[in-house]
Amino acid sequence: MAMDSFSASLMKDKREIIIAPTIYKFANFGEFAQEFSLGERDVVLTNEFIYKPFMEQFNLACTYVFQEKFGVGEPSEAMIETMYERIPYESYDRVIAIGGGAIMDLCKLLGCKRPSSVHELYFKREPVVHEKEVIAIPTTCGTGSEVTNISVAIVKDEKNGVLTGGETKLGLVSDDIIPNKVCLIPDLLKTLPMKPFAASAIDALIHATESYLSPARKTMTSEMYSVKAMELILEGFRRIGENGPDARLDYLEEFVTASLYAGIAFLKAGCATVHGMSFPLGGTYHVPHGESNYALFGKILEIYDEIKPDGELAKFKALVGRILGCEPSQALAKLAELEEYGFKESDIVDFPVSVMENQQRLITNSYVPMTKDLMERIYRECF
């Protein structure tokens, strides 16, 4: 399949690095609220379980909206349409996103002119027009969405302009949706349970890995951010392995900073096959993003090692081995773990077709050339 024009434009991008937001760091939510003078024309999109312990006590005049009122899980067409109905465009001047990747992605849309159709927007048949200030505050340490130009949603799938009856996950990509400001508040991660904490940190690790292995788009500066993110995340997991889950609480600033670094790295260098192949898995079975990525991560690295073991992959294995205290030959095994998600035989054939049609920007950034047959093999051996 020939490379589409958008993917080709990414390959030609001559920018060394893209850091669009101004980045702040605060000890707690109160410091942030005082610095930015939150008021009645601000809308804060968050979760009630974050609002109660961290925000309620300040009795601010801003409007708080809880994402779970629109639906559960990752953003979808229906969730976005409901959000638009509940938050009239004229009711706010500034958007504050306080939450995980789903909230970041939703707030990027709140900062833009309303489309006539969410479906048309995600299939790139309507323009993205940024109109309102967005402040992003992550409460997980994985998505990096606070610094990126992509908003991901589960949408009705189509082929040649005709709805298929299924769903897929698509990324709306535009520099116009990058948040204006980012505020890191490690304190907000304290209540995040270990399982979603680990899944989000692994997602950041995959962002850093895929951007590091990018064959054409990475730069010296993006590689610097990739490497530092991997060092911080793997060191964090090493500490957790040695001292137990609570060890993460003394390392929250490093984890949330690593996630931001990984986001900066992949905004320039891009993600690749792991993300491309995880999108139909997440869209069909509603597997959380970090988990669907990790389910494929080990097998895809194994395939890379089989086809092209030298070059950047050899450097990556040496880096992982150095941090985790193992031989480079053992590094990939240290990272790999697979899970079952109810795959059907037909998915093994259908998913690669969807990936080739809808995820060109990711597949064209693969460390090794990715074909439909190779993707079928990966899905089959994983599931």
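Sort out which residues of the range 93-109 are at pLDDT below 95 and either outside the structural domain of residue 144 (by TED's automatic domain parsing) or outside any helix (DSSP H, G or I) (or both), and write them in order of number.
Correct list: 100 only.
So which helices (runs of 4 or more DSSP H) stay within the range 172-270 end to end and still have 3 or more residues that are among the acidic types (Asp, Glu) and surrounded by fewer than 21 Cβ atoms within 10 Å (Cβ to Cβ)? It would help to see each step written out before you state the result.
Values: elements: 194-212, 220-243, 252-269.
By residue number, 220-243.
Yes or no: the range 145-162 includes at least one residue that is within 20 Å of residue 81 (Cβ to Cβ), of a type in the set (Gly, Ala, Ser) and assigned to a helix (DSSP H, G or I).
So far as the range 145-162 goes, no, none of its residues is within 20 Å of residue 81 (Cβ to Cβ), of a type in the set (Gly, Ala, Ser) and assigned to a helix (DSSP H, G or I).
Looking at the range 306-354, which of the residues that are assigned to a loop (DSSP other than H, G, I, E, B) and among the basic types (Lys, Arg) is modelled with the lowest pLDDT? Full working, then the answer.
Let us first name the residues in the range 306-354 that are assigned to a loop (DSSP other than H, G, I, E, B), namely 308-311, 325-327, 336-344.
Next, only the ones that are among the basic types (Lys, Arg) stay: 308, 344.
Values: 308: 95, 344: 56.
Checking each candidate, the answer is 344.
Could you grab the pairs with beta carbons closer than 7 Å, sequence gap of 6+ or different chains, first residue in the range 321-334 and farther than 12 Å from residue 301 by Cα and touching a residue at least 12 places away in the same chain (Cβ under 8 Å), second one among the charged types (D, E, K, R) and buried (at least 17 other Cβ atoms within 10 Å of the Cβ)?
Within 7 Å, the pairs are 323/231; 324/334; 328/317.
Report whether or not residue 187 is more than 21 Å from residue 86 (Cα to Cα) and touching a strand residue (DSSP E or B) at 6+ places or on another chain (Cβ under 7 Å). Please lay out each step first, then the result.
On the way: more than 21 Å from residue 86 (Cα to Cα): yes; touching a strand residue (DSSP E or B) at 6+ places or on another chain (Cβ under 7 Å): no.
Considered against the rule, which asks whether it is more than 21 Å from residue 86 (Cα to Cα) and touching a strand residue (DSSP E or B) at 6+ places or on another chain (Cβ under 7 Å), residue 187 comes out as no.
Hey, can you tell me all the residues within the range 158-171 that are of a type in the set (Asp, Glu) and buried (at least 22 other Cβ atoms within 10 Å of the Cβ)?
At the first step, the residues of the range 158-171 found to be of a type in the set (Asp, Glu) are 158, 167.
Of everything in the range 158-171, nothing turns out to be of a type in the set (Asp, Glu) and buried (at least 22 other Cβ atoms within 10 Å of the Cβ).
Which of the numbered conditions does residue 135 fail, given that it passes all the others? Conditions: (1) buried (at least 22 other Cβ atoms within 10 Å of the Cβ); (2) β-branched (Val, Ile, Thr); (3) without any contact (Cβ under 8 Å) to a residue 40 or more places away in the chain.
That leaves (3) as the condition not met.
Give me the pairs, please: first residue somewhere in the range 100-125 and closer than 20 Å to residue 156 by Cα and of a type in the set (S, T, N, Q), second residue anywhere and modelled with pLDDT of 95 or more and assigned to a loop (DSSP other than H, G, I, E, B), beta-carbon distance under 7 Å, and either six or more positions apart or on two chains.
As it stands, the answer is none, since no pair meets every condition given.
Here's a check for you: in the range 13-22, which residue that is part of a loop (DSSP other than H, G, I, E, B) and either outside the structural domain of residue 149 (by TED's automatic domain parsing) or of a type outside the set (Asp, Glu) (or both) is surrounded by the fewest Cβ atoms within 10 Å (Cβ to Cβ)?
14
Of all residues in the range 52-92, which are assigned to a helix (DSSP H, G or I), under 30 Å from residue 278 (Cβ atoms) and among the hydroxyl-bearing types (Ser, Thr, Tyr)?
82, 84
Consider only pairs whose beta carbons are under 8 Å apart and that are at least six residues apart or on different chains; among these, list those whose first residue lies in the range 23-48 and is in the same structural domain as residue 101 (by TED's automatic domain parsing) and loosely packed, with under 13 Cβ neighbours inside 10 Å and whose second residue is of a type in the set (Asp, Glu) and at pLDDT 95 or above.
Filtered contacts from the range 23-48: 27/187; 28/187; 41/93.
Please tell me if residue 10 is touching a residue at least 60 places away in the same chain (Cβ under 8 Å), crowded, with 16+ Cβ neighbours inside 10 Å, touching a Cys at 6+ places or on another chain (Cβ under 7 Å) and of a type outside the set (Phe, Trp, Tyr). Can you show your working first?
Values: touching a residue at least 60 places away in the same chain (Cβ under 8 Å): yes; crowded, with 16+ Cβ neighbours inside 10 Å: yes; touching a Cys at 6+ places or on another chain (Cβ under 7 Å): no; of a type outside the set (Phe, Trp, Tyr): yes.
No: the conditions fail for residue 10.
The values are calculated or read from the model by the stated rules, or taken from the named source; none is laboratory data. In this text the structure is predicted, and so the values were computed from the model without any measurement. Please note: Cβ atoms are built from the backbone with ideal geometry, for glycine as well, and neighbour counts cover all protein chains shown.
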